[in-house]
Amino acid sequence: DSGVTQTPKHLITATGQRVTLRCSPRSGDLSVYWYQQSLDQGLQFLIQYYNGEERAKGNILERFSAQQFPDLHSELNLSSLELGDSALYFCASSAGAGAGTGELFFGEGSRLTVL
Amino acid sequence: AQSVSQHNHHVILSEAASRELGCNYSYGGTVNLFWYVQYPGQHLQLLLKYFSGDPLVKGIKGFEAEFIKSKFSFNLRKPSVQWSDTAEYFCAVMVTDSWGKLQFGAGTQVVVTP
């Protein structure tokens, strides 16, 4: 158990819909990262938050957005869903950010299926 | 462009065999290097990491990796694999001025047969 909690574990929805994935980082970790894992793209970095502020952006679509709340949990919002958005979405957390960042701890992922 | 390359996408081994999984990166600055493992249906777990110091790093479950700066490589190996090592292995690079995000390679699927 990494200490990172993600909900829901599985989600099936239709094209055009909107979903929210939730992540609770390890106790004390200030950084939250979102990754997308798909068969054709592999593990892609989406976005990072540190203590409530966005710090880094990767290959995140405009239809996707995220935020980190004062209690440090994070939500990834996916809207106008397309078939190609079907993937495993991982959240990870770390104690810090930047040069002092240690390892990232990953949650078990949220598997999204868009039909 | 910055990238992480893993040379083998699929590897099939017999138990007790030894194999090196290759990883090369193309970042020019200072990096931290990681190997993560993903067992079937599970989340990513850290196998080992290199930040500085001895370039030969030992991790969990008998894995080790060697950082060769001149070759921009961080190859993973295990002297004798077990059936339980069947998993996908990911090399990852953290550029130290990148706010901590990891850039992953495509992964190597390893199947160990009894």
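The values are calculated or read from the model by the stated rules, or taken from the named source; none is laboratory data. As the structure is a computational prediction, the values presented were derived from the model and not from experiment. Cβ sites come from the backbone with ideal geometry, for glycine too, and all protein chains shown count toward neighbours.
Looking at segment B:9-26 only, could you name the residues that are outside any strand (DSSP E or B) and either within 14 Å of chain A (Cβ to nearest Cβ) or without any contact (Cβ under 8 Å) to a residue 24 or more places away in the chain (or both)?
Step one: list which residues in segment B:9-26 are outside any strand (DSSP E or B), which gives B:9, B:15-18, B:22, B:26.
The answer is B:9, and nothing else.
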Test: residue A:89 is part of a strand (DSSP E or B), more than 9 Å from every other protein chain (Cβ to nearest Cβ) and closer than 23 Å to residue B:4 by Cβ: yes
Which one of the conditions (1) of a type in the set (Asp, Glu); (2) more than 9 Å from every other protein chain (Cβ to nearest Cβ); (3) surrounded by 14 or more Cβ atoms within 10 Å (Cβ to Cβ) does residue A:82 fail to meet, given that it meets all the rest? (3)
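Listed residues B:82, B:6; which is surrounded by 13 or more Cβ atoms within 10 Å (Cβ to Cβ) and more than 21 Å from residue A:103 (Cα to Cα)?
On the way: B:6 fails: more than 21 Å from residue A:103 (Cα to Cα).
None of the other options fit; the residue is B:82.
With respect to residue B:4, is the statement that it is hydrophobic (A, V, I, L, M, F, W, C) and at pLDDT 95 or above true? Spell out how you get there, then give the answer.
Details: hydrophobic (A, V, I, L, M, F, W, C): yes; at pLDDT 95 or above: no.
Criteria not met by residue B:4.
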Reported set for segment A:18-43 where residues are touching a Ser or Thr at 6+ places or on another chain (Cβ under 9 Å) and within 9 Å of chain B (Cβ to nearest Cβ) is A:31, A:33
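When you scan segment A:6-17, how many residues do you find that are within 11 Å of chain B (Cβ to nearest Cβ) and either in contact with a Lys or Arg (Cβ under 6 Å, 6 or more places away or on another chain) or part of a strand (DSSP E or B) (or both)? So that I can check it myself, show each step before the final result.
Within segment A:6-17, the subset within 11 Å of chain B (Cβ to nearest Cβ) is A:6, A:9.
Next, only the ones that are either in contact with a Lys or Arg (Cβ under 6 Å, 6 or more places away or on another chain) or part of a strand (DSSP E or B) (or both) stay: A:6.
Summing the residues that are within 11 Å of chain B (Cβ to nearest Cβ) and either in contact with a Lys or Arg (Cβ under 6 Å, 6 or more places away or on another chain) or part of a strand (DSSP E or B) (or both) in segment A:6-17 gives 1.
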If we keep just the residues of segment A:27-40 that are touching a residue at least 24 places away in the same chain (Cβ under 8 Å) and over 10 Å from the mean Cα position of the chain (by Cα), which is surrounded by the most Cβ atoms within 10 Å (Cβ to Cβ)? A:31
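Applying the selection to segment A:18-62, what residues are of a type in the set (D, E, K, R), farther than 18 Å from residue A:88 by Cβ and outside any strand (DSSP E or B)? Even if it seems obvious, please write down each step before you answer.
Pass one, segment A:18-62, residues of a type in the set (D, E, K, R): A:18, A:22, A:26, A:29, A:40, A:53-55, A:57, A:62.
If we keep only those that are farther than 18 Å from residue A:88 by Cβ too, we end up with A:18, A:26, A:29, A:53-55, A:57, A:62.
Within segment A:18-62, A:18, A:26, A:29, A:62 meet the criteria.
I want to confirm something. Restricting to segment B:94-108 and keeping residues that are more than 10 Å from the chain's Cα centre (by Cα) and part of a strand (DSSP E or B), which single residue is surrounded by the most Cβ atoms within 10 Å (Cβ to Cβ)? Even if it seems obvious, please write down each step before you answer.
Going residue by residue through segment B:94-108, those that are more than 10 Å from the chain's Cα centre (by Cα) are B:94-103, B:106.
If we keep only those that are part of a strand (DSSP E or B) as well, we get B:94-95, B:103.
Values: B:94: 26, B:95: 19, B:103: 21.
Checking each candidate, the answer is B:94.
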Only one of (1) in a strand (DSSP E or B); (2) within 30 Å of residue A:30 (Cβ to Cβ) does not apply to residue B:111, and that is (2)
Note down all Cβ pairs under 7 Å where the first residue falls in segment A:50-65 and is farther than 10 Å from residue A:32 by Cα, the second is exposed (fewer than 15 other Cβ atoms within 10 Å of the Cβ), and they're at least six residues apart or on different chains. A:63/A:80; A:64/A:77; A:65/A:77
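Would you point out which residue out of B:34, B:67 is more than 14 Å from chain A (Cβ to nearest Cβ), crowded, with 18+ Cβ neighbours inside 10 Å and either touching a residue at least 24 places away in the same chain (Cβ under 8 Å) or not in a strand (DSSP E or B) (or both)? Lay out the reasoning, then the answer.
Working: B:34 fails: more than 14 Å from chain A (Cβ to nearest Cβ).
Every option except B:67 fails the conditions.
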Which members of segment A:44-62 meet the condition of being modelled with pLDDT of 90 or more and either crowded, with 16+ Cβ neighbours inside 10 Å or at the interface with chain B (Cβ under 9 Å from one of its Cβ atoms) (or both)? A:44, A:45, A:46, A:47, A:48, A:49, A:50, A:60
